[in-house]
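Here the structure comes first, spelled out in structure tokens, and everything after it is commentary.
The values are calculated or read from the model by the stated rules, or taken from the named source; none is laboratory data. Because the structure is predicted, anything quoted here is derived from the model rather than measured. Glycine gets a Cβ as well: all are built from the backbone with ideal geometry, and neighbour counts include every protein chain shown.
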Amino acid sequence: MSRRASKRPAPYPLLCEQKPEDLLVAPVEHKVYQDFEPKRPREFSPVMAQSLPPGEIDFQPSKIIFNAPYNENQESKIKLINTSALRIAYGINTYMKRLRVDTMCTPNCGVLDPSEEILLTISCDAFAFGQVDTTNDRITVEWTNTSEGSTKQFCRDWLDGDGMVRRKTLPIEYSSSPIAQTSSAPLLQASKHGMWLPIGFAASELYDYAKGEPLDRKTCEKNLEKLIKNDRDVDYYEWLNFAKRCRTQNQNLMEEMALGMAFTTAMANKQHRKISRKAEKITEPITTNKAFSIDSAEKFDRALTLPSRKWFMISDVVTDGDVSNWSTANLVTLVRALARTVFDKVAIADPHMMCYATSQNASTYIPIARDFFEGFAEYILGGFGEEQSRDLKFRVRKLVTDVMGNKLDRVRGRHNKMYGNEASEDATRWLREQLRKEDGELKESRLIFPNGSEMMCNYQVNEENPEGSIKSEIFNDEEEVEME
């Protein structure tokens, strides 16, 4: 037999007429071993499974497709099924910032038993389709056999070690045409514009719309956790649109039911907000009538970075005069007052403020990092000499986040009034592009606050002047009404 045709000897004794890959499931019998008579059954080596080639993983579907338009975040689901006879460890890698595995639903690494499956959610951030190179967009899945006898706990060493690792690349396709909406498979989304869609969420997260069957209860409960982790309103307007469709089809009873659901949804949102406001009240024991100390607060002051890569410190903005009468007797009111003072000045110094959002799941605008609001909470509690407890920090952070949300709405309203209804969204798209560029116009730098009045001066073209002369408008940010 030639050297080319010779078989490599197995590193362990084989059963008669048995293939190496069948070794794990074959019964151990002493009499069938060739030239080997052990005194007791052979113990399986803990690393022997990793010396075998990993089996197959079935991917359903075999590629990931996103459809136009791409001005909002999208999700695509793919199922991984371990079709081998061994337990495997898998890991998923993405190579573009806009692509990620939704780890809130499933981790990007884990362990699968034989025949076990997992449903992965692949998210794609909004981007300018046609202006961005997508030829290298892909997701790579790696998997290997786990060590025999190990617990079902993922270990990175399995993929990084000397064992055999298999790899499959899933291409990402971007369609230039939107999905055609049909009566059998409508285009349903779980959320839109920062609100949950009641029909869309149920159809995509609790129900298999293509088959007309509910998902299993375990999957439904897991998907419902998203409602807890992402606190947002439910959009009652979806019910009103449903009522309109019922009217066109002369379904009067369904129309009335949809109107009732719209009312119920809107009322539930109002009640949820009322409960949230009550939860804002700080219930932990605090020192009564303790004055605010800037010196104490500055020990907790640190750089707070905005999405435009500009950063500042609260001590750059707050003066002794701002806090001279502050005490813990009215802490909630003072937290809001400090936040308004800072954000009013930030709005003057930062020309990109209309592009920001407070929600971490915002798609139209760019989210402000949670650490930004955490820094506020530490500064305020430090100024009053209070304990940096998790509960107090959460409540203060919630107050500051609400004030910032109100401020952003007013800034966007003024900007859109001056430059057009979609001016803020246009500015956000430009900002996203600059943030993606390594050599873009936005560099990390300290925010410069102008001296003088806190009045904000905006300029717009005087429509009555055909030559386009410039006039100024003065806006006072003191006009916010505080809601208790």
**Message:** Suppose we keep only residues that are within 29 Å of Asn361 (Cβ to Cβ) and hydrophobic (A, V, I, L, M, F, W, C) within region 230-258. Which one would you say is surrounded by the most Cβ atoms within 10 Å (Cβ to Cβ)?
**Reply:** Trp239
**Message:** Any residue at all in region 134-147 that's over 18 Å from Asn67 (Cβ atoms), of a type in the set (A, V, I, L, M, F, W, C) and touching a Cys at 6+ places or on another chain (Cβ under 9 Å)?
**Reply:** no
**Asked** How many residues does region 130-145 hold that are surrounded by fewer than 14 Cβ atoms within 10 Å (Cβ to Cβ) and farther than 28 Å from Ser84 by Cα?
**Response** 5
**Request:** Would you check which residues across region 291-319 are modelled with pLDDT under 85 and touching a strand residue (DSSP E or B) at 6+ places or on another chain (Cβ under 6 Å) and list them?
**Result:** Ala291
**Prompt:** Looking at region 227-241, is at least one residue within 30 Å of Tyr356 (Cβ to Cβ), β-branched (Val, Ile, Thr) and modelled with pLDDT under 85?
**Reply:** yes
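How many of the residues in region 359-389 are assigned to a helix (DSSP H, G or I) and either outside the structural domain of Lys299 (by TED's automatic domain parsing) or surrounded by fewer than 16 Cβ atoms within 10 Å (Cβ to Cβ) (or both)? Reasoning before the result, please.
Filtering region 359-389 for residues assigned to a helix (DSSP H, G or I) gives 370-383.
Subsequent filtering for residues that are either outside the structural domain of Lys299 (by TED's automatic domain parsing) or surrounded by fewer than 16 Cβ atoms within 10 Å (Cβ to Cβ) (or both) retains 370-371.
Number satisfying all stated conditions: 2.
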**Request:** Filter region 195-230 down to residues that are closer than 25 Å to Gly260 by Cβ and either in contact with a Ser or Thr (Cβ under 9 Å, 6 or more places away or on another chain) or in a strand (DSSP E or B) (or both), then give me how many there are.
**Result:** 11
